[in-house]
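The structure under discussion appears below in the form of structure tokens.
The values are calculated or read from the model by the stated rules, or taken from the named source; none is laboratory data. It should be emphasised that the depicted structure is a prediction, and the values quoted were computed from it without experimental measurement. Cβ: placed from backbone, ideal geometry, glycine included. Neighbour counts: every protein chain shown. In case anyone asks, the SASA skips ligands and DNA or RNA and just uses the protein heavy atoms, side chains included. Shrake-Rupley method; radii C 1.70, N 1.55, O 1.52, S 1.80 Å.
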Amino acid sequence: MNKLNNIIRENAELKEEMNRLMELVKRNQVKHEGFRTVEFSFLLAESLREIIEKPLHYLEDIFDVDRAVLCVNKDIMNFDRETDNIGHRVYFMDSSAFKAFFLERRPYTGESRLNLVSEFDVYEDMESYLIAPLFHGDDIIGSINLYSKEASKYGGEVSTDFMKDLSAIVSVSLQKMYNTELIFRQTRTDFMTGTYNKLAMAEFLEKLMAEYRRYGRGFYFVLLDIDNFKQINDSCGHLTGDNVIREIAEEIKAGLRTSDVLGRFGGDEYFLILPNHETSDMFTLVERLQDIGKKVFNTYGFDFASMSGGVVAVPGDIKPEDSPEDVVRIADGRLYYSKKNGKGFFTGV
């Protein structure tokens with residue numbers, strides 16, 4: 001009888017163990033499928049915003065992560081952005097932060113902030129972390145960071161194999177995304193000055209006109225050029241003329257806000273797009289543009305050169321039914337008026 005009871009007890013224990021293992025297999029299968037979802041969503045992401053909305057969000061939901069973060073080395077991948085912190089999920093950092101933390105090509109875990117560099121301390125409720133470097137060749141281009149409120153989550157002997165696989169996928173995704181941005185940027189950049197070109201100008205104006213019609217947001221558009229530029233080329237050659245064009249662009253760009261847009265319209269002509277500017281700001285800006293011209297021209301001894309421009313205010317000069325082409329047409333007409341009536345001043349301010 002005792003033998004029978006022992007067999008029954010053993011069978012019950014085996015059944016309980018079997019159920020536990022089956023439950024573990026199911027959970028692992030769900031996580032495996034979830035991991036594939038995360039991988040594919042990283043590879044298919046086309047923007048940093050999409051990375052926040054999909055793969056990082058999936059990581060948090062599927063793997064019970066309290067905060068999933070992507071860190072990007074801005075010295076290598078300087079994405080077009082206005083901030084170093086996008087939604088508390090994507091952070092741009094200097095190379096030094098990654099070099100200080102990653103002494104080896106492996107993921108790191110920890111149960112406290114003791115060994116965590118300050119740049120990675122982005123989640124105040126963190127009790128443990130799992131952080132893996134992202135590589136392109138020998139360069140650290142970023143990291144994928146997982147944070148938990150539980151000290152036991154990533155503390156002690158935690159397997160990091162899945163993070164090694166994940167970091168390889170994220171590295172490919174990030175490099176692909178950055179290459180796409182570089183191509184996009186190059187097709188919208190003037191080769192001589194490094195500022196925007198006319199294609200980019202058309203896209204900016206289309207976007208701002210749509211925002212004006214929908215939200216009533218205004219902006220200024222400016223066309224300006226160098227007076228007597230042909231005389232510069234004829235007297236000192238086209239290489240000197242090119243240098244003047246570049247130096248003026250650099251001087252103008254140095255004083256603009258991050259939301260302002262500077263581009264080369266063609267030849268010795270530039271365009272400026274200035275969202276949310278006040279009329280008083282425009283007077284100050286025009287004076288500064290004239291001063292920039294004088295500074296550069298004086299360097300070369302070109303006392304015959306100056307700057308002329310045409311300014312368009314939206315709204316004010318433009319109605320909602322007008323097109324971006326109408327904005328450019330009015331600015332061009334005002335620039336022509338300035339050139340025809342003495343040069344050295346801006347019409348429309």
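If the condition is being closer than 30 Å to Leu59 by Cα, among the hydroxyl-bearing types (Ser, Thr, Tyr) and either touching a strand residue (DSSP E or B) at 6+ places or on another chain (Cβ under 6 Å) or open to solvent by 40 Å² or more (accessible area, probe 1.4 Å) (or both), then region 165-207 contributes Ser167, Ser171, Thr180. Scanning region 334-347 for residues that are without any contact (Cβ under 8 Å) to a residue 40 or more places away in the chain and either over 36 Å from the mean Cα position of the chain (by Cα) or open to solvent by 40 Å² or more (accessible area, probe 1.4 Å) (or both) turns up Tyr336, Tyr337, Ser338, Lys340, Asn341, Gly342, Phe345.
Let's see how each residue does on (1) in contact (Cβ under 8 Å) with a residue 60 or more places away in the chain; (2) closer than 21 Å to Lys176 by Cα; (3) more than 23 Å from the chain's Cα centre (by Cα); (4) open to solvent by 20 Å² or more (accessible area, probe 1.4 Å):
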residue	(1), (2), (3), (4)
Ser96	no, no, no, yes
Lys99	no, no, no, yes
Asp121	no, no, no, yes
Leu134	no, yes, no, no
Ile141	yes, yes, no, no
Ala151	no, no, yes, yes
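Of all the numbered requirements in (1) surrounded by 18 or more Cβ atoms within 10 Å (Cβ to Cβ); (2) closer than 24 Å to Met177 by Cα; (3) not charged (D, E, K, R), Met126 misses one, and that requirement is (2).
Please verify whether region 176-190 includes one or more residues that are assigned to a loop (DSSP other than H, G, I, E, B), more than 19 Å from the chain's Cα centre (by Cα) and charged (D, E, K, R).
Yes, region 176-190 contains at least one residue that is assigned to a loop (DSSP other than H, G, I, E, B), more than 19 Å from the chain's Cα centre (by Cα) and charged (D, E, K, R).
Does any residue of region 82-94 turn out to be within 27 Å of Gly34 (Cβ to Cβ), of a type in the set (A, V, I, L, M, F, W, C) and out of contact with any Cys (no Cβ under 6 Å at 6 or more places or on another chain)? Yes, because at least one residue in region 82-94 is within 27 Å of Gly34 (Cβ to Cβ), of a type in the set (A, V, I, L, M, F, W, C) and out of contact with any Cys (no Cβ under 6 Å at 6 or more places or on another chain).
Can you tell me which residue in region 283-322 is nearest to Lys339 (Cα to Cα), limited to those that are under 33 Å from the mean Cα position of the chain (by Cα) and polar (S, T, N, Q)? Once the filter is applied, the top-ranked residue is Gln290. Scanning region 63-99 for residues that are at positive phi and not small (Gly, Ala, Ser) yields Asp64, His88. Within region 239-275, track down each residue that is of a type in the set (A, V, I, L, M) and open to solvent by 20 Å² or more (accessible area, probe 1.4 Å). Leu239, Ala254, Leu256, listed by residue number.
Quick one: is Thr195 among the polar types (S, T, N, Q) and within 19 Å of the chain's Cα centre (by Cα)? Judged against the criteria, Thr195 is a match.
Residues in region 276-330 that are open to solvent by 20 Å² or more (accessible area, probe 1.4 Å), among the β-branched types (Val, Ile, Thr) and modelled with pLDDT of 95 or more: Val328, Ile330.
Among residues of region 81-93 that are touching a residue at least 24 places away in the same chain (Cβ under 8 Å) and open to solvent by 50 Å² or more (accessible area, probe 1.4 Å), those with a beta-carbon under 7 Å from a residue that is polar (S, T, N, Q) and in a loop (DSSP other than H, G, I, E, B) at least six positions away or on a different chain give the pairs Glu82/Thr258. Among strands (runs of 3 or more DSSP E) entirely within region 30-135, having at least 3 residues that are at pLDDT below 95 singles out 108-110.
In region 231-247, the residues that are closer than 20 Å to Asn197 by Cα reach residues that are open to solvent by 70 Å² or more (accessible area, probe 1.4 Å) and of a type in the set (Phe, Trp, Tyr) with C-beta atoms within less than 7 angstrom, at least six apart or across chains, in these pairs: Val244/Tyr300.
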